[in-house]
Each structure stands twice: as structure tokens, then as C-alpha cells.
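Written out below as C-alpha cells is the structure these notes cover.
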């Protein structure tokens, strides 16, 4: 039975000291009262109180140790699909022209911007996975792998997606480099390979359009499918710069002109089309569920197997509840005078 905080067991050193002190005090008080006016202390009531306090202390300390029990259960897992999730982290993703349909505690989650909605789409997608191997990368001027090897540790993937330190220095993205980064993460993987690209599609330079499409065709040759999720409004908007306390300013270019951004939906559609994938526009809803459904439909060699999975149950609430019940039962017995 593992413990997360075994050092709290040292508190139990006080338990025998408490018992010895309480019993000695009981005997001494009994002697004094008998000598003073012949009063007799009710043994069951005093010894019962000592026992109850000891049990409450024991239960409380055990709850602090984080004691848990492990058990094994069979869990259905899908095999045969590898997914790489790419999130656009360019400056244009700070534009606040989206709606986030659910409350979130993401970093900076109080702002309904493209980046936070993209993160939320990623989290929703991860929640739908059942055994698929997953990789994550971020991209702006270049692609950065957040995970070296594909994994099914979805908890770690969620943490990285929310807490990874991002470079938002570039207004647009080099999506061709993003696609190269994504496909490189598969290595020699022979499973059904999928890249889920979450972006507003805005390029650092419109001249990159040709190289992006060329890279998409290269992915198709490597049997890699791209499902693109469009984030952002279809009309031009300014990019807010948030200061301390949420103070709002606006990003400007080198000539001190206000930066404007607009989602490049056509590019995202073209990337998906070239690779035989699909494009989704995340306007007023989350589309990650639809993406996973379509990925499963297109995968031809997916199999579901039962694997043993270890689970843990934290016993802290059980011990705290036990301490509370012991004390309540004792007080009830005193009130109804069962213990006199």
C-alpha cells in the first residue's frame, strides 16, 4: 500500500505519549478527588474519551500520509493508430475573436483567444483517446517537439499542452516546417498515421503557400493524413497585448502600425484535402469529438484489446470520514446518556 507522504507517520510517535499521559492523569485525578470529597470518576467515560481521541488522531494522521490501495482492472485499448497533435503558437493566436463554449482553468484561460481555444480542442481530443499513441508539437516560425517519443501517458500530454512555455514572437506561422516536424515524430511507425493541426492558418509570408502544399503532398506519399482544425474569425481583427492585471494594448509592426490577423481557412482546407484528411471549423463549438470519429472511420487496421491497467484509490477521505464518525458516535452516546 503506497504512501505519498510517509513522513507524517512520525506524528504517531505522539500517540503512545498521549495515552501514557492521559492514563496517568486519570489515575492522579481519581486519587485527588477521592481524597478531597470522595467523588468517584466514571471509568468508562474517561477511558472512552481517551480511546476516541486516540482513534481520531490515528485516522487523521493516516489520511495525511496519502495511503492508497492498488488494484488491477482490464481496460479496452485501441491499437493501430498514431496521432501527432500540432498547436499553432504564433502571435496571431492571441486574437480574441473566438468563443469558448465551456469554462476552463487554462493558463490565461480568462481570455477567449485562439490559443486557449486551440488548447481546449487539444484537451478534448486527448480525452477521447483509448490507447492510441500520441505526440505533441508547437509551431510558429519553426516546429518544436514537446514530446520526444509517442506515448499513451495522456495525463503528461495534457499537462504539457497547458503549461508548455510558448514563444509568441512571430505573427504568422511556417506551416511547412510544422508539417515536417509532425511527420518526423512518427519515425518508422507503420500504424495509421494522423496529424491533427490546430491553427488559424495565417502564414508568416504568403509566398510560403507553395511550399506548404508541396509538403502536404509529401505527407500523402508517406501515408500520413492531416485533419486540420480552423481557429479564429473570418474577418480581420487586431491582436491584443495583455499587460499586468489584464490591461489591454495592441501589437504593432516595425512601422508602428497595428497588426491585423485573419484566419486562412482556404490553406487549412487545402492541406486536409491534399492528404485525404478533413477540415473542421471550430466556430461556436468544440470539434475534437468529430475529429476522433472520422479518424476511427478512416483507419482500416484498428483493433481493440483488453489490457490490465493498475489503478489507485486514495484512502485519505476514508480515514477522515472514519475520524468524523468516531467522534460523532461518541458525542451521541454522551448526549443520550448511554455512556455515563
In region 174-211, which residues are within 23 Å of the chain's Cα centre (by Cα) and within 18 Å of residue 152 (Cα to Cα)?
182, 185, 194, 195, 196
So in region 221-250, with the set limited to residues that are over 30 Å from the mean Cα position of the chain (by Cα) and touching a residue at least 40 places away in the same chain (Cβ under 8 Å), which one is nearest to residue 81 (Cα to Cα)?
235
When the residues of region 39-66 are narrowed to those that are at pLDDT 70 or above and outside any helix (DSSP H, G or I), which ends up surrounded by the fewest Cβ atoms within 10 Å (Cβ to Cβ)?
66
So residue 292 fits all but one of (1) touching a residue at least 24 places away in the same chain (Cβ under 8 Å); (2) under 16 Å from residue 215 (Cβ atoms); (3) in contact with a helix residue (DSSP H, G or I) (Cβ under 9 Å, 6 or more places away or on another chain); what number is the exception?
(2)
Quick one: would you say residue 207 is surrounded by fewer than 16 Cβ atoms within 10 Å (Cβ to Cβ) and either touching a helix residue (DSSP H, G or I) at 6+ places or on another chain (Cβ under 9 Å) or not assigned by TED's automatic domain parsing to the domain that holds residue 87 (or both)?
no
Test residue 191 against the criterion of being touching a strand residue (DSSP E or B) at 6+ places or on another chain (Cβ under 9 Å) and over 23 Å from residue 264 (Cα atoms), and give yes or no.
yes
For residue 287, which of the numbered conditions (1) surrounded by 11 or more Cβ atoms within 10 Å (Cβ to Cβ); (2) over 23 Å from the mean Cα position of the chain (by Cα) fails to hold?
(2)
Condition first: at pLDDT 75 or above, over 30 Å from residue 297 (Cα atoms), surrounded by 12 or more Cβ atoms within 10 Å (Cβ to Cβ) and touching a helix residue (DSSP H, G or I) at 6+ places or on another chain (Cβ under 9 Å). Can you find one or more residues in region 30-38 that meet it?
no
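The values are calculated or read from the model by the stated rules, or taken from the named source; none is laboratory data. Small disclaimer: the values here were computed from a predicted structure and weren't measured. Backbone-built Cβ (ideal geometry, glycine too); neighbour counts: all protein chains shown.
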